[in-house]
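Below is one structure, written out as structure tokens; comments come after it.
The values are calculated or read from the model by the stated rules, or taken from the named source; none is laboratory data. This one's a predicted model, so the numbers in the text were calculated from it and none came from an experiment. Methodologically, a virtual Cβ is constructed for each residue, glycine included, from the backbone with ideal geometry; neighbour enumeration extends over all protein chains shown. Surface areas here come from the heavy atoms of the whole protein model, side chains and all, with no ligands, DNA or RNA. Shrake-Rupley method; radii C 1.70, N 1.55, O 1.52, S 1.80 Å.
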Amino acid sequence: MAEKKYNVDSFNLDHTKVTAPYVRLAARKVGEKGDIVSKYDIRFTQPNKEFMTTGAIHTLEHLIAEYIRDEMEGVIDLSPMGCRTGFYFTIWGQPTEEEVANHLLNVLRKVSVWDKAIPATTEKECGNYKDHDLEGAKSFAKRWCDGIEKKGWSAFINQ
């Protein structure tokens, strides 16, 4: 009997067979006029083994979402996963997983030693401005970078 296929790409991923951290192309869509949008699964923690606290993932979202745009053109969105194990990253075009990982590595190296204010953390700018954890975000950023640098790209990309 065939396995059920869901409308949500990540629901069809066998979460028991992936090893975090990684960057994985989750979906690629071509619009009516030929525009291409790519969505990546950027995993920080091992599914069903560990998750990020809301404060840490929230702070990572603010820092990565702001500074990945300095690294890459065409960024559409960076959204935390509900399971709190990573993010979805959406961009125009077809960058490779390695390109996304390299640019993200540049950003996360900065985040791992961040000593400035977290962007957009006032009541006016953020819908939950009190729920941030810079030390947690720095720790997860460092772990992601260390994991990528230790094992190399082939261990993380296209799982």
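Points worth noting:
- Looking only at the range 100-127, residues that are open to solvent by 50 Å² or more (accessible area, probe 1.4 Å) and either assigned to a loop (DSSP other than H, G, I, E, B) or at pLDDT 95 or above (or both) come to 13 in all.
- For beta carbons closer than 7 Å, sequence separation of 6+ or different chains, a first residue in the range 1-26 that is in contact (Cβ under 8 Å) with a residue 60 or more places away in the chain and a second that is acidic (Asp, Glu) and surrounded by 17 or more Cβ atoms within 10 Å (Cβ to Cβ), the qualifying pairs are SER10/ASP41; VAL23/GLU97; ARG24/ASP41; ARG24/GLU97; LEU25/GLU97; ALA26/ASP41.
- Pairs where the first residue, in the range 48-76, is more than 17 Å from PRO95 (Cβ to Cβ) and among the hydrophobic types (A, V, I, L, M, F, W, C) and the second is open to solvent by 30 Å² or more (accessible area, probe 1.4 Å) and assigned to a loop (DSSP other than H, G, I, E, B), C-beta under 6 Å, 6+ apart: PHE51/ARG84; MET52/ARG84; ALA56/ASP133; ILE57/ARG84
- Residues of the range 77-94 that turn out to be part of a loop (DSSP other than H, G, I, E, B), touching a residue at least 40 places away in the same chain (Cβ under 8 Å) and open to solvent by 20 Å² or more (accessible area, probe 1.4 Å), as a count: 2
- The single condition from (1) in a loop (DSSP other than H, G, I, E, B); (2) farther than 23 Å from THR121 by Cα; (3) basic (Lys, Arg) that ARG24 fails is (1).
- For the range 21-66, the candidate set comprises residues that are of a type in the set (Gly, Ala, Ser) and crowded, with 20+ Cβ neighbours inside 10 Å; within that set, the residue that is nearest to VAL111 (Cα to Cα) is ALA56.
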